[in-house]
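To keep things clear, I will list the structure first and then write my remarks on it.
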Amino acid sequence: MRGLRAILWTLLLAVLVGQPAYAGTRIALVIGNSAYRNVTPLTNPVNDAAAMAETFRQARFDVVDVGNDLPVAKLRRLLRDFGARARDADVAVVYYAGHGIEVDGVNYLVPIDAQLETDADVYDEALSLDRILVAVEPARQLRLVILDACRDNPFAKTMKRTIASRAIGRGLAKVEPSNPNTMIAFAAKAGFTALDGDGKNSPFAVALTQHLTTPGLDLRKAFGFVRDDVLKATNNRQEPFIYGSLGGDDVALVPAPALAAPAAPADPNASIRRDYELAAQVGTKEGWDSFIAAYPDGFYAKLAIAQRNKLMAEEQARLAAESAKAAERVRADAVAKAAEQARIETEKKKAVEAAARAKADEDAAAAAKAAQAQRLADEARAAEAEKARQAAQAMAANEEAKLAEAKARLEALQQAKAAEDARLAEAARAASAESKPIGQVAALTPPAQPDQSAAVASDVPRLLQTELRRVGCNTGAVDGNWNEAAQNSLALFNKHAGTTLDTKLASLDALDVVKARKARVCPLVCDRGYKADGDNCVKIVCKPGYQAGDANTCEKIGGSRPVAKREAPAADRGGAARPQAAPEQPKRQVQSSGQVICNQQGCRAVRAGCYVARAREGTCYGCGQREVCP
């Protein structure tokens, strides 16, 4: 029996050493803000936070969360997570070292990124003390908040007041917790400031590490010792203060461990009962196995077997729960990973679609711009053509008026001449009847008048050239010179109008025939790269990879052009090939305007009037032929 007791006591001591000697779950949150961005940084808060965190760890707290140099967003998140943990805790402690201010009777903790240009900024950029109390409120037995933040307000000199009556205090304001078993400890009394200390830690933090976690020491008495140490260290300039109330029983942050001594057996089963109680205190499977090995039968053996089975069932349930949680975490991670992958693929697809849309919009804009430019160019050419047509119509109308006037004068002269001829004939007959000498009859003839028909006839070539240009058959100058170019223009008119006018003479009959044609007679001939569209030449637009050729048709770039075949020279009667004379080059003349006039001489198998002159190239082209006339 003594061996069993020794085993059970050994297991009990091992459990007492390996686990806290107090009931309940204790958690702590330690915050230290030193590296302020908009005011002078502090030296000790981060050091004080490290010392307090180590104190709580040595006191075997279940959770010790630490946050240093926190901006407002991270400070809010840390408090939110700590509040969630406090729901399963018996004791919750928050220690804060850094800047704290009081505005209109409310205390605020200042994050390192706060600017606080006005008193109203504290509502957005700082956290009130009430937010800290909300974080520790779920704890079941004790809620403790320690504020080492009673320093001078660093924003007091620059902070603007939005309301004149709003008070900005010195230090922190007095508070009274509304929940029971809640205690708030200030480093200095309300309205006073705390010292940062000359050493690595503040006087308040040093005293807390020495007394707060003393096992079995009541909190109120522990803070009393802290007060005495701080007064002594600061020559009575700083007095810590606590607010809140606790019950009549002692409340120790770290309870003192107590081991009950084994009692003397009062009955025969006292020894077994004592060993059973020791095994129950150990509360492990090994302890129950030791008891069952020593007492395999009896009432307490059955109880021990039941306790061992209960522990094993609880252990199996715990392992199963942990396995289920692990599986759930794996599944959740897989789902999250799949969702993230899907999101990435969706973003990639959206990016590709956006790029495609942007490219399509860019291409459409470029095409629209090109079409707009082409349309403007076509409109400009059409406007120029319309302007030229109107000018030609005006010139034709002017020439027509002049021709009508000349015709009227010619008819008047012809009538006067006819009347004079009639008068002279009558006078001759009268003289003959009277048998007068012929010389006397001649004397009756009046002096010859200047014949104006010559002046009228001189206008006919110019008028005929004008009309030929109007119907698109004259490519030369309108100068009244009925030269070879003018004759070729009239021949071109004969060809396309189906007439047989004499090309050697610019007659009134030819003028009347041409004037009778109201529309274009000769086809419009455009420069290379342009095609006829009504009375205008428009630029030929080919698809990519093609360009306008000599025949004003789209030909593939780099492709071979058709070459005109020449017939072999015919053999003479003797069978020998007769040498072919080199063809004479087409005759051409250059007008004063710079336009080249071509004729048919020297070009085989090409009808008269089928030549187009290109002043730009100075070359004669055959009508309907791709090759240059030799």
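Once the range 59-76 is narrowed to residues that are buried (at least 16 other Cβ atoms within 10 Å of the Cβ) and of a type in the set (A, V, I, L, M, F, W, C), the residue that is farthest from the chain's Cα centre (by Cα) is 59.
Selection of helices (runs of 4 or more DSSP H) fully inside the range 429-536 by the criterion of at least 1 residues being over 25 Å from residue 398 (Cα atoms) and at pLDDT below 80 returns 438-443.
Quick grid of which residues meet (1) closer than 28 Å to residue 542 by Cα; (2) assigned by TED's automatic domain parsing to the domain that holds residue 508; (3) of a type in the set (Asp, Glu); (4) at pLDDT 90 or above:
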residue	(1), (2), (3), (4)
312	no, no, no, yes
317	no, no, no, yes
323	no, no, no, yes
356	yes, no, no, yes
365	yes, no, no, yes
379	yes, no, yes, yes
395	no, no, no, no
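Conditions (1) surrounded by fewer than 18 Cβ atoms within 10 Å (Cβ to Cβ); (2) without any contact (Cβ under 8 Å) to a residue 40 or more places away in the chain; (3) farther than 28 Å from residue 382 by Cβ; (4) not aromatic (Phe, Trp, Tyr), marked per residue:
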site: 467; (1), (2), (3), (4): no, no, no, yes
site: 512; (1), (2), (3), (4): yes, yes, yes, yes
site: 523; (1), (2), (3), (4): yes, no, no, yes
site: 540; (1), (2), (3), (4): yes, yes, no, yes
site: 547; (1), (2), (3), (4): yes, yes, no, yes
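Mind counting the residues in the range 174-197 that are at positive phi and surrounded by fewer than 18 Cβ atoms within 10 Å (Cβ to Cβ)? If you could, list the steps in order and put the result at the bottom.
Here is the first cut: in the range 174-197, the residues at positive phi are 181, 191, 197.
When the remaining residues are screened for being surrounded by fewer than 18 Cβ atoms within 10 Å (Cβ to Cβ), the result is 181, 191.
Qualifying residue count for the region: 2.
Considering only residues of the range 203-234 that are in contact (Cβ under 8 Å) with a residue 12 or more places away in the chain and of a type in the set (Gly, Ala, Ser), which is surrounded by the fewest Cβ atoms within 10 Å (Cβ to Cβ)? Checked the range 203-234; the qualifying residue surrounded by the fewest Cβ atoms within 10 Å (Cβ to Cβ) is 216.
Any idea which residue in the range 102-132 is surrounded by the most Cβ atoms within 10 Å (Cβ to Cβ), counting only those that are assigned to a strand (DSSP E or B) and under 44 Å from the mean Cα position of the chain (by Cα)? Reasoning before the result, please.
Going through the range 102-132, the residues assigned to a strand (DSSP E or B) turn out to be 102-103, 106-109, 118, 127-128.
From the residues that got through so far, the ones that are under 44 Å from the mean Cα position of the chain (by Cα) too are 108-109, 118, 127-128.
Details: 108: 23, 109: 25, 118: 15, 127: 22, 128: 15.
Out of the qualifying residues, it is 109.
Residues that are closer than 17 Å to residue 188 by Cβ and not in a helix (DSSP H, G or I) within the range 218-250 comprise 234, 235, 236, 237, 238, 239, 240, 241, 242, 243, 244, listed in sequence order.
The condition of being modelled with pLDDT of 75 or more, of a type outside the set (Gly, Ala, Ser) and under 25 Å from residue 207 (Cβ atoms) holds for only one of 116, 142, that being 142.
Checking each residue in the range 376-408 for being surrounded by fewer than 12 Cβ atoms within 10 Å (Cβ to Cβ) and of a type in the set (Lys, Arg) picks out only 387.
Comparison of 380, 385 shows that the only residue that is closer than 26 Å to residue 470 by Cα, part of a helix (DSSP H, G or I) and either over 55 Å from the mean Cα position of the chain (by Cα) or in contact (Cβ under 8 Å) with a residue 40 or more places away in the chain (or both) is 385. Put simply, of 555, 567 the only residue that is at pLDDT below 55 and either farther than 30 Å from residue 470 by Cα or part of a loop (DSSP other than H, G, I, E, B) (or both) is 567.
The values are calculated or read from the model by the stated rules, or taken from the named source; none is laboratory data. None of the values given here were measured: they were computed from a predicted structure. Virtual Cβ from ideal backbone geometry, glycine too; neighbours counted across all protein chains shown.
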